């Protein structure tokens, strides 16, 4: 997937929002969420940062 200005802007917005909730939320996590939103994909993870998010299948 190409990272264009639209995806970068979305990732930046997600990162700014999530940093308010999780001080250690990384920019790459934000890009992952942005890419999933952009492509209507699901993220499968056990990372607690992603718990209760749309487009995420959380593994316990």
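Residue 57 to residue 21: extension gain in nm, 0.36 nm per residue of separation minus the Cα-Cα distance? Each step should come with its number before you reach the end.
Working: separation 36, 0.36 × 36 = 12.96 nm, distance 1.98 nm.
This chain segment gains 11.0 nm when fully extended.
If you compute volume of the Cα convex hull per residue in Å³ for the structure shown, which of (1) 74; (2) 59; (3) 35 do you land on?
(1)
Report the label-to-label distance for residue 3 and residue 49 in nanometres (one decimal), using points 7 Å from each Cα along the Cα→Cβ vector.
So the two model labels end up 1.3 nm from each other.
Bear in mind these aren't lab numbers, they're just calculated from the coordinates by the rules spelled out. Source: prediction; values computed, not measured. With ideal geometry, Cβ positions are generated from the backbone for all residues, glycine too; neighbour counts draw on all protein chains shown.
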